[in-house]
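Reviewing the structure listed below.
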Ligand code: IPM
Ligand code: MN
């Protein structure tokens, strides 16, 4: 298969982790005879530094004409100092999501057997966790009208949802639940927000088309608690933009590190794949950031094009690295490996057909 992949490494540790993800994609293309053509472009703080724009036209053009986008991370602390700053790196990612209509952000959360003892949560709580978050990504309070009064004493963010925005992601989430353990949990704040009441109404209606799927509801605050108390109760979680952002970071504790969670953002045409972690400015350039979330995002990219064996190869290599403790300091406080070392191990494991060396 021939794919054109737009590479947007972005800020902080983004370039380091994307470099490893590309190494792994190259190993896959070598093994399976695919052709992946990369087109690199700037986004975020680095794009502001170069052009004044967090999403330059050229980047948007490269992304729209690519088959898929592999994204690193975004954000730079220098923009946090000035709360009145009108141009921020994050706007690059937000505009990209909006322009490409990437309305469904899919974030799988699983527990890894070999990491269970390292979790901050008890083994019996984490064991067997396997759920997937469907986060709405182009609506809600992130994109509603915003106002900052001239005297600087009042600010307004608006949360707005339309039925069609809810329906399209709800269908995707129900389809996912149908092919999994057939349970869908809608997370909202329907006791307070009218937008949440609209979500419930639409999702209840849509559930009639998926009779095999059991639907239940949780308020976002209760859900935050339940995710930590009993994560195994969840199969597919459907939620709006901001709750999805907050709850997916909370859920990352279950896997053992936020450096493990990958995501896919699906729209009408080009899909985007990115780790859920941020730019981790303190680790920038130090070669110890965990590349696994970026590598697993590349696996999600391959799955999106039905390259199932290829994606499976990557996931097996990741599991092996975890089993053998060939991991970065977030997962391995004593004998940790560098970002590059982990990437090299994954590449060698994928290319070594018999896996003779590492199974010894
Ligand atoms: C994420 C990030 C973004 C978000 C930021 C960088 C704008 O936290 O992808 O989860 O809030 O959506
Ligand atoms: Mn987030």
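The values are calculated or read from the model by the stated rules, or taken from the named source; none is laboratory data. All values reported here derive from a predicted model rather than from experimental measurement. Heads up, the Cβs are rebuilt from the backbone with ideal geometry, glycines too, and the neighbour counts pull from every protein chain shown.
Laid out as a table, the results:
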{"read-out": "Some residue of the range 275-298 being surrounded by 23 or more Cβ atoms within 10 Å (Cβ to Cβ), in the same structural domain as residue 345 (by TED's automatic domain parsing) and assigned to a strand (DSSP E or B)", "value": "yes"}
{"read-out": "Entirely in the range 114-188, the strands (runs of 3 or more DSSP E) that have 2 or more residues that are surrounded by 14 or more Cβ atoms within 10 Å (Cβ to Cβ) and at negative phi", "value": "130-136, 183-188"}
{"read-out": "Some residue of the range 323-339 being closer than 19 Å to residue 283 by Cα and not in a loop (DSSP other than H, G, I, E, B)", "value": "yes"}
{"read-out": "Contacts under 8 angstrom Cβ, first residue in the range 264-285 being on the phi > 0 side of the Ramachandran plot, partner crowded, with 23+ Cβ neighbours inside 10 Å and outside any loop (DSSP other than H, G, I, E, B), 6 or more apart", "value": "280/73; 285/16"}
{"read-out": "Residues being over 23 Å from residue 263 (Cβ atoms) and either within 16 Å of ligand 2 (Cβ to nearest atom) or touching a residue at least 12 places away in the same chain (Cβ under 8 Å) (or both) - total across the range 207-229", "value": "11"}
{"read-out": "Count of the range 230-252 residues which are farther than 16 Å from residue 173 by Cα and away from ligand 2 (no atom under 14 Å from the Cβ)", "value": "4"}
{"read-out": "Conditions (1) away from ligand 2 (no atom under 16 Å from the Cβ); (2) within 17 Å of residue 243 (Cβ to Cβ); (3) buried (at least 17 other Cβ atoms within 10 Å of the Cβ): number failed by residue 109", "value": "(1)"}
{"read-out": "Hits in the range 220-272 - residues which are within 19 Å of residue 187 (Cα to Cα), more than 16 Å from ligand 1 (Cβ to nearest atom) and not in a helix (DSSP H, G or I)", "value": "230, 234, 235, 236, 238"}
{"read-out": "The one condition in (1) in a helix (DSSP H, G or I); (2) out of contact with any helix residue (DSSP H, G or I) (no Cβ under 6 Å at 6 or more places or on another chain); (3) surrounded by 18 or more Cβ atoms within 10 Å (Cβ to Cβ) that residue 199 fails to fulfil", "value": "(2)"}
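Rundown of residues vs (1) surrounded by fewer than 18 Cβ atoms within 10 Å (Cβ to Cβ); (2) touching a strand residue (DSSP E or B) at 6+ places or on another chain (Cβ under 7 Å), yes/no style:
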{"residue": "20", "(1), (2)": "no, no"}
{"residue": "27", "(1), (2)": "no, no"}
{"residue": "36", "(1), (2)": "no, yes"}
{"residue": "57", "(1), (2)": "yes, no"}
{"residue": "69", "(1), (2)": "no, yes"}
{"residue": "73", "(1), (2)": "no, yes"}
{"residue": "93", "(1), (2)": "no, no"}
